[in-house]
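Reviewing the structure listed below.
The values are calculated or read from the model by the stated rules, or taken from the named source; none is laboratory data. Because the structure is predicted, anything quoted here is derived from the model rather than measured. Note that we place each Cβ from the backbone using ideal geometry, even for glycine, and neighbour counts take in every protein chain shown. Accessible surface areas use protein heavy atoms only, side chains included; no ligands, DNA or RNA. Shrake-Rupley method; radii C 1.70, N 1.55, O 1.52, S 1.80 Å.
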Amino acid sequence: MTRTDARILALDLGTSSARALVLHEADASPIPGALARHKISPTYGHDGSATLDLHEYVEGLFGCLDELQQNGHLDGIGSLVLSTQWHSIVALDNKGTARTPVITWADTRSVDLDLGTSFDEQAFHARTGTWLHRLYWTRRIPWLLASDSPAAFAGLPDLVLERLTGERVTSVSVASGTGTLDLATGAYDDEALAVAGVTADQLPAIVPTGWTGTLSKEYERRWPGLVGVPVHPPTGDGAASNVGTGGYDAGTAAVTVGTSAAVRVVHPIEYAPELPWELWRYRVDDKRAVTGMAFSAAGNLHAWLTGVLRLKSAEPLGVEIGGTHAIAIPFMAGTRPPANVPGGSGVYFGLSFDDSSADLLAAALQGASLEIDRGLRVLDELFGQKLEVVLGGGGIDASEWWRRCLTATFARPTTVCAEPEVGARGAAAVALGLSPEPGGDHLTPAADDVARIAGLRGRYEGLRELAVQASSM
Ligand SMILES: Nc1ncnc2c1ncn2[C@@H]1O[C@H](COP(=O)(O)OP(=O)(O)OP(=O)(O)O)[C@@H](O)[C@H]1O
Ligand SMILES: O=C(O)[C@H](O)[C@@H](O)[C@H](O)[C@H](O)CO
């Protein structure tokens, strides 16, 4: 095979799995059967910890490459791309050895920082797209420095890239998710570094879009098909899955549902609209930003309820959309910034003895949908129009009920992405400059569903406020 009909190897560094898959270079569509998956189980603790074992993660991911190779799928690879969870951090010693597990986005531990009145968080948010919140390195590094003296810090994708290429570097996209990037310049932000208490040389160097590395000598015998293949800088999963779902213009919001969910719009970084306080903004690549809102309870609600309720069906069959009396406020993993609801704050209101497991599942999926709708409304306002909506991700792909529920909750038509592997497809599209189409069904909201949800919304908002208050008791 010549490099003109080359294939793309995409690595997806998720929270519930690490995956490796092979895509066609022409349109970034996956090659059937060329996918290997390693299941990941983060360790959750009552103290708010949510961590991954770095060694186990990397070995599991590399095992996926071995599996693809055994099946002949690593022949003819022309580029290697990565989509990755954002925000993770690992403390390193001066030899680059990990002193902590991978602390993930879902970890809610950190220290309070009092920066006094000279710290202008509004200006900081406008510049970095992030808040001074436990999700970001500006709070995580001081917390790690309080109990140890690490020499350096890096995220999961930076360490995977280092293992693969021998270079511990990061991308503008991954760095933006740490909350220490000046979005406009694409360099580390001086104030963010000062708040974190580090210098830029303690963090991975940021390489430009277009940078490529190559496979370390160490792995040349293990994966001969990857020798000399350009390895592109990683793309944050939010940016990648937006593009992979088909949402990459300022008139389209992508709603993606995996372990977590988000609603976001990709737009040029130049002339970007002023960032409202409720939204974050990260980088996609050298020219584009992504603005949105993320939610820590999504597909993980389904996984959790399947386990604890021993659901007989994967779908809440027979339950009308907007029809449950029970209301679930999905704060099991807390809220994302700027709100500060801690993990362990999920609530079911209005339970009765005739509620079935399907009712409880429907209420949870409805609650998650109403949360996403809050974000969509803010984005509509920011971009000055009722945005078009595309839906993508494993949760969307798996659940017809949830697709209809989201469409009715948004009270507008939606287009479904036919390709479930949106992160891998998007990372390939970002690296190679492709523009994939959603390619799936067009859904129309059912009038009865919309009416029932309209009736539910006021009650949801009131009870949500009670759940927020209860979370600090
Ligand atoms: N029938 C269903 N209804 C709702 N959610 C579902 C259903 N089946 C699976 N899910 C959820 O969809 C999610 C899988 O989506 P996806 O594969 O995109 O996640 P992921 O890529 O593993 O996420 P991450 O990258 O964050 O690890 C899981 O959280 C799973 O529980
Ligand atoms: O856009 C997004 O999806 C979010 O901003 C991220 O915070 C992800 O939830 C995180 O990377 C875990 O997958």
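Let's test the formula: R0 of 60 Å, r as the Cβ-Cβ distance of Arg457 and Asp286. What FRET efficiency results, to the nearest 0.05?
0.90
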Item to check | Spatial separation of Cα centroids for segment 376-428 and segment 114-157, in angstrom | outcome: 31
Checklist entry - Principal axis lengths of segment 28-142 from Cα atoms, whole Å, largest first? => result 60, 31, 30
Checklist entry - Amide H to amide H, which residues 5 or more places from Val347 or on other chains are under 5 Å from it, using H placed in the peptide plane? => result Ile329, Phe331
Checklist outcome for this item: Length gained, Val308-Ser356, 0.36 nm per residue minus C-alpha separation, equals 16.0 nm
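Figure the gain on full extension for Arg99 and Arg37 (residue separation times 0.36 nm, minus the Cα-Cα span) and round it to one decimal in nm. Mind showing how you got there, number by number?
On the way: separation 62, 0.36 × 62 = 22.32 nm, distance 2.68 nm.
Gain on stretching Arg99 to Arg37: 19.6 nm.
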Next on the checklist: Amide H of Trp105 versus every other amide H placed in the peptide plane: which residues, excluding those fewer than 5 positions away on the same chain, fall under 5 Å?
Outcome noted: Ser88
Item to check | For peptides 243-249, 296-302, sequence by mean Cβ density within 10 Å, most packed first | outcome: 243-249, 296-302
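Trp211 to Gln385: extension gain in nm, 0.36 nm per residue of separation minus the Cα-Cα distance? Mind dumping the intermediate values first?
On the way: separation 174, 0.36 × 174 = 62.64 nm, distance 3.62 nm.
Gain in length upon complete extension: 59.0 nm.
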Checklist outcome for this item: Applying the gyration tensor rule to the Cα atoms of segment 240-372 (axes a ≥ b ≥ c; rounded if a/c under 1.5, else prolate if a/b exceeds b/c, else oblate), the class is prolate
Checklist entry - How big is segment 1-65 on each of its three principal axes, counting only the C-alpha atoms and giving the largest first in Å? => result 52, 20, 17
Checklist entry - When all protein chains stay in place, what accessible area (Å², nearest 10, 1.4 Å probe) is found for Trp277? => result 90
Checklist outcome for this item: In whole Å, largest first, the alpha carbons of segment 238-470 cover along the principal axes 55, 35, 32
Item to check | Those lysines that a straight Cα-Cα span of less than 21 Å connects to Lys217, excepting residues fewer than 8 apart in one chain | outcome: Lys95
Next on the checklist: Rolling a 1.4 angstrom probe over the protein chains, ignoring ligands and nucleic acids, what is the accessible area of Ile327 in square angstrom, nearest 10?
Outcome noted: 10
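For an R0 of 30 angstrom, estimate the FRET efficiency from the Cβ-Cβ distance between Gln202 and Asn340 and round to the nearest 0.05.
Working: r = 27 Å, r/R0 = 0.91.
The value I calculate is 0.65.
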Checklist entry - Nearest-5 percent of antiparallel DSSP beta bridges in the chain? => result 70
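Given that compact globular proteins tend to follow 2.2 N^0.38 Å, what is the ratio of the alpha-carbon Rg of segment 3-233 to that value? Don't skip to the answer; put the middle values down first.
On the way: Rg = 18.4 Å, N = 231, 2.2 N^0.38 = 17.4 Å.
In units of the 2.2 N^0.38 Å rule of thumb, it is 1.06.
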Checklist entry - Using the Karplus equation 6.51 cos²θ - 1.76 cosθ + 1.60 (θ = phi - 60°), what ³J(HN,Hα) coupling, rounded to whole Hz, does each residue of segment 166-172 give in order, writing x for Gly and Pro? => result x, 10, 8, 10, 9, 9, 4
Checklist entry - Cross-link partners among lysines for Lys39, C-alpha distance below 23 Å, same-chain residues fewer than 8 apart left out? => result Lys312
Checklist entry - Given a 1.4 Å probe and the protein chains all in place, what does the accessible area of Thr407 round to, in Å² to the nearest 10? => result 0
Checklist outcome for this item: Residue-ordered couplings for segment 424-438, obtained by feeding phi - 60° into the Karplus form 6.51 cos²θ - 1.76 cosθ + 1.60 and rounding to whole Hz (Gly and Pro as x), are 5, 4, x, 4, 5, 5, 5, 5, 10, x, 9, 10, x, 8, x
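Enumerate by residue number the chymotrypsin sites (Phe, Trp or Tyr not before Pro) in segment 112-190 meeting two conditions: DSSP loop (anything except H, G, I, E, B), and at most 16 other Cβ atoms within 10 Å of the site's Cβ. Walk me through the numbers before you get to the answer.
Numbers: sites: Phe119, Phe124, Trp131, Tyr136, Trp137, Trp143, Phe153, Tyr188; in loops: Phe119, Trp131, Tyr136.
Listed in order of number, the matching sites are Phe119.
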Next on the checklist: Given the options Val389, Ala250, Leu301, identify the residue whose Cα lies farthest towards the positive end of the charge dipole of segment 238-470 (+1 on Cβ of Lys, Arg; -1 on Cβ of Asp, Glu).
Outcome noted: Leu301
Checklist entry - Just how far, in whole angstrom, is segment 311-328 from segment 35-111 if you go by their alpha carbon centroids? => result 34
Checklist entry - Taking only C-alpha pairs under 8 Å that are 6+ residues apart, what is the relative contact order of segment 315-421 in percent? => result 27
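Take every Cα pair under 8 Å in the chain that's 6+ residues apart, average their separations, divide by the length, and report that relative contact order as a whole percent. All intermediate terms of the calculation are to be shown ahead of the outcome.
Numbers: 1046 pairs, mean separation 71.3, N = 473.
Relative contact order, the chain: 15 percent.
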Item to check | R0 of 41 Å, Cβ-Cβ distance Thr185-Glu220: FRET efficiency to nearest 0.05 | outcome: 0.65
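Mean 1/r over all different Cα pairs, inverted: what Kirkwood radius does the chain give, in Å? Please report the intermediate quantities before stating the final value.
Values: mean 1/r = 0.0444 Å⁻¹.
Evaluated on the chain, it is 22.5 Å.
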Checklist outcome for this item: Interchain or sequence-distant (5+) residues whose placed amide H lies within less than 5 Å of the amide H of Ile77 are Arg7
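Using a 1.4 angstrom probe on heavy atoms only, work out the carbon and sulfur share of the accessible area of segment 109-205 in %.
Details: 1670 of 3450 Å².
Its accessible area is 48 percent carbon and sulfur atoms.
Relative to the compact globular guide of 2.2 N^0.38 Å, what is the alpha carbon radius of gyration of segment 362-473, as a ratio? Each step should come with its number before you reach the end.
Values: Rg = 16.0 Å, N = 112, 2.2 N^0.38 = 13.2 Å.
For segment 362-473, the normalised Cα radius of gyration is 1.21.
Rounded to the nearest 500 deg cm²/dmol, what is the calculated helix-only ellipticity per residue at 222 nm for the chain, with -39500 (n - 2.57) per DSSP H run of length n ≥ 4?
-10000 deg cm²/dmol
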Checklist outcome for this item: Calc'd 3J(HN,Hα), segment 72-86, phi into Karplus 6.51 cos²θ - 1.76 cosθ + 1.60 (θ = phi - 60°), Hz, glycine/Pro = x, comes to x, 8, 9, 8, x, 6, x, 7, 10, 10, 9, 10, 9, 4, 8
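Can you run the Rg to Rh ratio on segment 188-237? Use alpha carbon positions and the Kirkwood inverse-distance Rh. Don't skip to the answer; put the middle values down first.
Details: Rg = 15.7 Å, Rh = 13.6 Å.
Ratio value, two decimals: 1.16.
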Item to check | Whole-Å distance, taken between Cα centres, linking segment 205-261 and segment 11-32 | outcome: 10
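Using the heavy atoms of the protein chains and a 1.4 angstrom probe, tell me the accessible area per residue for segment 3-233 in square angstrom.
Values: 9130 Å² over 231 residues.
With the other protein chains kept in place, segment 3-233 gives 40 Å² per residue.
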